[in-house]
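Remarks on the structure that follows.
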2 protein chains.
Amino acid sequence: MSEELFGYQGIARELLLKANASVGDRIRIIRENRIFEGTLMPREALYGEKPFIVIKLDNGYNIGVKVDQSTIIEKVVTKKKITGYPSKPPIQRKELPNVIMLSTGGTIVSKVDYETGAVRPALSTDELLEWIPEIADIIYLEAKEVTRIFSEDMRPSIWAKVAEEAYRAMIKGYDGIVVAHGTDTMGYTAAALAFAIENKPVPIVLVGSQRSSDRPSTDSAFNLKASFLVAAKAPFAESVVVMHGETGDVYAYVHRGVKVRKMHTSRRDAFQSINDKPIAMVYPDSKEIKIIGRIIEWRDKNKEPILRNHFDEKVALVKAYPGFDPEIIEFFIDKKYHGIVIEGTGLGHIANRVIPTIKRAVEEGIVVVMTSQCLFGRINMHVYSTGRRLLEAGVIPGNDILPETAYVKLSWILGMTRDLEEVKRIFLTNIVGEINPRHTIDLYPRWVL
Amino acid sequence: MSEELFGYQGIARELLLKANASVGDRIRIIRENRIFEGTLMPREALYGEKPFIVIKLDNGYNIGVKVDQSTIIEKVVTKKKITGYPSKPPIQRKELPNVIMLSTGGTIVSKVDYETGAVRPALSTDELLEWIPEIADIIYLEAKEVTRIFSEDMRPSIWAKVAEEAYRAMIKGYDGIVVAHGTDTMGYTAAALAFAIENKPVPIVLVGSQRSSDRPSTDSAFNLKASFLVAAKAPFAESVVVMHGETGDVYAYVHRGVKVRKMHTSRRDAFQSINDKPIAMVYPDSKEIKIIGRIIEWRDKNKEPILRNHFDEKVALVKAYPGFDPEIIEFFIDKKYHGIVIEGTGLGHIANRVIPTIKRAVEEGIVVVMTSQCLFGRINMHVYSTGRRLLEAGVIPGNDILPETAYVKLSWILGMTRDLEEVKRIFLTNIVGEINPRHTIDLYPRWVL
């Protein structure tokens, strides 16, 4: 028990020992007139002397509760021991599929100090293996840190860096690539990696965690196991997002990177495919991958990948709304932007008063693409006169592409060429499944349960 | 038959007579080497001499097919006669609930000429009654045109005008108000009307049509019937959106105006409640209204409405994305904006590099509100350091309010006061149910069917 409390020192450790509490137990902390109840979490030794006890609340969040001599701690339920913590990492076997995990930051690989909120270094290979020993039964893992940022700080130049690392790993012959990423902008990065490497021999699997991760956190571990399985064994070679398929720990979904969107601020099953089915379901326990959707690119280690990772940062994603001021478009003209993706209304509209400015933007060489804030369904700019006027002004209709994916795709195309006709031709070409030519009725969710 | 073809003249009429085709029949038009098949639609007399035949395709869209002497028309299926077209309007009965329909434009009340795309005057009371004679069994209807625009051209000053008309109708003692509106920005207007009239005695029901409307169009008629039922009989007095609940003509949903969003570019059931259940289901055939959600404001004709319909147009709705340039925020500072709603990522984030500019905006008196592009779930800016830094910079967390509703609410508050503390206090107050304090697990859709 004392070993499991190793991170706790001073008064926090004293109180926990007195309550006979171990990491993983459900405890109650009574401090002055407040009561906190949750699962006792392990604590980093570095911060252990500070008088905080970290518990995971029932809503999934961890909090650090300050304790002193007057605090009372009660053990509510003794939990089963948490697998593999702490222990020696298992021996890895070279004959298993080689998977590299590129970490970029985010909750999944960060050890966050709950007092200061500071992000600390990403997990090493050994730490990952200690934490989830089953990894050694599936793959030969190597972990590498590419960057260490919150995903809200991700930007196109870092997509380029991650793409280059993924490309190098493909050239080196890895059987699969996992990219650990914060969830906020994981969908954008998944789309960027889908476009940046053509002719992928193996999959690139983005994985994150929706709940603040400590060691051990079931949310992160489940998603990681699923992502390693997909990286090692899936028959497809696409850029995908692997995350919880529902709230329970039964299966994860594999979403096509260009068709996925974070649809909930906090749920584990926040990531959902829009205008497409997930490619597959993954069952980490049985190690099964069940294909349920379309496969666009197949795994084939003989394929030679091509890296095209220059993204134009002079591209804007602009939302239409009733008070939209045409001067916003003028701002981008003045700032010499190269592309604007409009998140329009309905079938692909924006106020008619904005159209003359959009026309001027196109005349000045800015590529303007129309998508819909509805998210579901397809752009059709032939139905109403506003759409037809926008087409006449030179706006490119975004088909059923997500606004976020259209933004990434346009940045990527403008990184290669600024020839308007060529940009238009490539934009309207279905590169990696970002356009789904056929929408079946079952692609729309059941909204009211 | 000839009476039903009354809108068609010249060659179009000749061809239709030869084929023994009536309005509502399924016909095939063979012109040169193209074949068009669909339901023959009636045609406005004013345009009838032009050589076009209007058919409704199976995808729900109407097209005008140009015909000449060489065109061949075949009748495929004889359809049952379309109710009430053309006929005399039924006599209205004063003793039924008095409902006023304020029309603003949009597909539902517009007769569009399919050749020119021009929008023509809205439907009159008599035309509505001719078209849907059952109306006379439910309500005493009066129709009034407030404006005639595409909903993408709607703007805050027109919300104010519609709100004033609705307020006047309440003062005059109508039992319910229907606002016919284009679907593109109907959610925004529904939110605006929810805030602009306090203490509503009767409901304001926004209704639209997702499919191009001709007389008769089942999509429009179904939604209109449902909206009249709600206006006349619902126990609540909120600003709501009434639209198809599924693809079939069985029930419509009543969505709270501040919690609804257009989620599909073309489906009939495009409107969906986010972070809330619909208030009710409406069955136009049985005239039943079944309450399934929360009611915030109850119908009570003794209530005295208060009009607060000034919306500040100096408010922006800005979406965060990986290449977001802090200069976009600077633009709004330079343009002396009064408010900015950020559609951030995840729990309420934007790139840390933008925070200093946001801080400066707040210092210059601009109110900045944070919402999430996830749409589902709640903002929580205490979990990660980016959120905490934004709070320190003075950003107001938008709770579970939709970005679009936050934009409307902030415009409305800034129309009343620019005192930052007062704006903040009102914004954080739950005015008409725009904040749902309790999210049950069943509020999240079932994404994969």
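Values in this text are rule-based calculations from the coordinates and carry no lab data. Note that the structure is predicted; figures quoted are calculated from it, not measured. Cβ atoms come from the backbone with ideal geometry, glycine included; neighbour counts cover every protein chain shown.
Of note:
- Relative compactness, segment B:304-449, computed as alpha-carbon Rg over 2.2 N^0.38 Å: 1.05
- Protection proxy ranking, peptides A:430-438, A:187-195, A:274-282, B:365-373, average beta carbon neighbours within 10 Å, highest first: A:187-195, B:365-373, A:274-282, A:430-438
- Between helix A:156-171 and chain A: long-axis angle, C-alpha atoms, 0 to 90°, nearest 10: 80 degrees
- Scalar couplings 3J(HN,Hα) for segment A:333-338, obtained by applying the Karplus form with A = 6.51, B = -1.76, C = 1.60 to θ = phi - 60°, are 5, 4, 7, 6, 5, 9 Hz; x denotes Gly and Pro.
- Pairs of Cα atoms farther than 47 Å apart, the protein assembly as shown, %: 29 percent
- Eligible aspartates and glutamates near A:Lys277 by straight Cα distance, threshold 17 Å, same-chain separation 8 or greater: A:Glu238, A:Glu246, A:Asp269, A:Glu297, A:Asp400, A:Glu434, A:Asp442
- Ellipticity at 222 nm from helices only: DSSP H runs of n ≥ 4 in chain A, each -39500 (n - 2.57), divided by the residue count, give -7000 deg cm²/dmol.
- When you restrict to C-alpha pairs under 8 Å that are six or more residues apart and normalise by the size of segment A:315-428, the relative contact order lands at 27 percent.
- Relative to the longest principal axis of the Cα atoms of chain A, helix A:218-233 runs at roughly 60 degrees.
- Average Cα contact separation per residue, chain B, under 8 Å, 6 or more apart, as relative contact order %: 11 percent
- Test item: B:180-186 mean partner chain Cβ contacts at 10 Å: 5
- nm² value of the averaged projected area, convex hull over the Cα atoms of segment A:271-330: 8.4 nm²
- For the segment A:339-351, counting C-beta atoms of other chains within 10 Å of every residue's C-beta and taking the mean gives 5.
- Vicinal HN-Hα couplings computed from phi for segment A:273-282 (Karplus, 6.51 cos²θ - 1.76 cosθ + 1.60; Hz; Gly/Pro x): 6, 10, 6, 6, 7, x, 5, 7, 10, 10
- Inter-copy label distances at A:Ile431 (7 Å, Cα→Cβ; nm, one decimal): 4.3
- Descending semi-axes in whole angstrom, ellipsoid equivalent of chain B, from the Cα gyration tensor: 44, 26, 19
- Distances between copies of A:Asn352, taken at a point 7 Å out from Cα along the Cα→Cβ vector and listed shortest first: 4.8 nm.
- DSSP bridge orientation in segment B:98-307 - percent antiparallel, rounded to nearest 5: 50 percent
- For A:Asn98, distant residues with modelled amide H under 5 Å away: A:Tyr140, A:Asp175
- Cα pair count fraction exceeding 19 Å, expressed as % - segment A:10-77: 20 percent
- Taking every DSSP bridge with both residues inside chain B, close to 55 percent are antiparallel.
- A simple packing score, the average count of other Cβ atoms within 10 Å per residue, orders the peptides B:18-26, A:29-37, A:400-408, B:153-161 as A:400-408, B:153-161, B:18-26, A:29-37, with the highest score first.
- Segment B:177-281: mean projected area of Cα convex hull, nm²: 6.0 nm²
- Förster radius 30 Å - calculated FRET efficiency between B:Arg446 and B:Tyr61, Cβ distance, rounded to 0.05: 0.55
- Cα-projected label distance for B:Glu363 with B:Ile291, points at 7 Å along beta-carbon direction, nm: 5.2 nm
- For segment A:98-307, the relative contact order is 22 percent, taking Cα pairs closer than 8 Å that sit 6 or more residues apart in sequence and dividing their mean separation by the residue count.
- Other protein chain Cβ atoms within 10 Å, averaged over every residue that makes up B:155-165: 1
- With neighbour counts taken as other beta-carbon atoms within 10 Å, the residues B:Tyr321, A:Tyr337 rank, fewest first, as A:Tyr337, B:Tyr321.
- Copy-to-copy label distances for A:Pro326, where each label lies 7 Å from Cα along Cα-to-Cβ, are 3.2 nm in order of increasing length.
- Rounded to whole Hz, the Karplus (6.51, -1.76, 1.60) HN-Hα couplings of segment A:381-398, x for glycine and proline: 9, 9, 6, 10, 5, 4, x, 5, 5, 5, 4, 4, 6, x, 6, 8, x, x
- FRET efficiency for B:Glu313 and B:Arg93, using Cβ-Cβ distance with R0 set to 60 Å, rounded to 0.05: 0.90
- From least to most packed, judged by other beta carbons within 10 angstrom and beginning with the fewest, B:Thr39, B:Thr104, B:Thr125 follow the order B:Thr125, B:Thr39, B:Thr104.
- For B:Glu288, nonlocal amide neighbours, meaning residues 5 or more places apart or on other chains whose placed amide H falls under 5 Å from its own, are B:Tyr283.
- Residue exposure proxy: A:Ile108, A:Ile171, ordered by other Cβ atoms within 10 angstrom of their Cβ from fewest to most, comes out as A:Ile171, A:Ile108.
- Spatially proximal aspartates and glutamates relative to A:Lys18 (Cα-Cα < 16 Å; intrachain offsets below 8 disregarded): A:Glu3, A:Glu4, A:Asp68, A:Glu74
- Net lengthening on full extension, A:Asn352/A:Met416 (0.36 nm per residue, minus Cα-Cα): 19.9 nm
- Percent of beta bridges antiparallel (DSSP, segment B:315-428, rounded to nearest 5): 5 percent
- Rg and Dmax, both from the Cα atoms of segment B:98-307 and both in Å, are 15.2, 49.
- Subset of A:Lys335/A:Lys359; A:Lys359/B:Lys259; A:Lys161/A:Lys359; A:Lys50/A:Lys75; B:Lys290/B:Lys409; A:Lys259/B:Lys319 violating a 23 Å alpha-carbon distance limit: A:Lys359/B:Lys259; A:Lys161/A:Lys359; B:Lys290/B:Lys409
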